[in-house]
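Enquirer: Just passing along the structure, written as structure tokens.
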Amino acid sequence: MKIKEDLSGPFISVPIVIHFGDTDPYGVVYFASYFRYCHHGIEAFMKSLGLPPHKYFRNREKGFGLPVVGASCDFYKPVWYGDELVLKVFVKEMRRKSITFGFAFYKKDSDELVAQGYATIVSIDKSWKACNLPEDLRLAVKGFLDSGS
């Protein structure tokens, strides 16, 4: 999966400041930190649609959850403690039971792509079996996709 340098569809932008705890002994962002940034991006995306993430990732009242079931990230340039990035979050694909988000990491005030990845969430019921996405989530995401098509 290679993201075009200029994202043509709808996306949200999330600012990221690299903290000391995000880095490895060499001062470069540790790979696992990118996955944490991606999850923050999913939360920001949901909030931008008016959907409180804490009511979707694990909703005991309605008996469903949205775990991440797959994730990948490729790294192109080192990013250092103190650097600032812009994370662009978009929906790569939505199916009945899942949403795959795409992530593009850019240096702040630059079109330099430093990393990119994806994460897929799946809707599960109380027995941990895949089920249809909550209707309000599906409609909100569909509206986001329609606005850019």
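The values are calculated or read from the model by the stated rules, or taken from the named source; none is laboratory data. Not measured: the values here are computed from a predicted model. Note that each Cβ is placed from the backbone with ideal geometry, even for glycine, and that neighbours are counted across all protein chains shown.
Enquirer: Give all pairs with beta carbons closer than 8 Å in which a residue from the stretch 116-143 that is closer than 30 Å to P78 by Cα meets a residue that is assigned to a loop (DSSP other than H, G, I, E, B) and of a type in the set (S, T, Y); count only pairs at least 6 apart in sequence or on separate chains.
Expert: Close Cβ pairs (under 8 Å, with a partner that is assigned to a loop (DSSP other than H, G, I, E, B) and of a type in the set (S, T, Y)) amount to Q116/Y76.
Enquirer: Can you tell me how many residues in the stretch 17-52 are among the acidic types (D, E), surrounded by fewer than 16 Cβ atoms within 10 Å (Cβ to Cβ) and under 28 Å from L139 (Cβ atoms)?
Expert: 0
Enquirer: I'd like the full set of residues that are outside any loop (DSSP other than H, G, I, E, B) and either closer than 15 Å to V86 by Cβ or at pLDDT below 95 (or both), limited to the stretch 1-30.
Expert: I12, S13, V14, P15, I16, V17, V29
Enquirer: Scan the strands (runs of 3 or more DSSP E) fully inside the stretch 53-125 and keep the ones with 2 or more residues being out of contact with any Gly (no Cβ under 7 Å at 6 or more places or on another chain) and buried (at least 17 other Cβ atoms within 10 Å of the Cβ).
Expert: Those strands (runs of 3 or more DSSP E) span 84-94, 98-107, 113-122.
Enquirer: Related question: Which of (1) under 14 Å from the mean Cα position of the chain (by Cα); (2) at pLDDT below 95; (3) among the hydrophobic types (A, V, I, L, M, F, W, C) is the odd one out, the single condition A44 does not satisfy?
Expert: Looking at each condition in turn, A44 falls short on (2).
Enquirer: Follow-up. Any chance the stretch 81-89 includes a residue that's more than 23 Å from F20 (Cα to Cα) and not acidic (D, E)?
Expert: The answer is yes; a qualifying residue exists.
Enquirer: Could I ask something else about it? Restrict the check to the stretch 54-73 and report whether at least one residue is closer than 30 Å to V28 by Cα and polar (S, T, N, Q).
Expert: yes
Enquirer: May I ask you to list the residues in the stretch 76-115 that are aromatic (F, W, Y) and more than 16 Å from the chain's Cα centre (by Cα)?
Expert: Matches in the stretch 76-115: Y76, W80, Y81.
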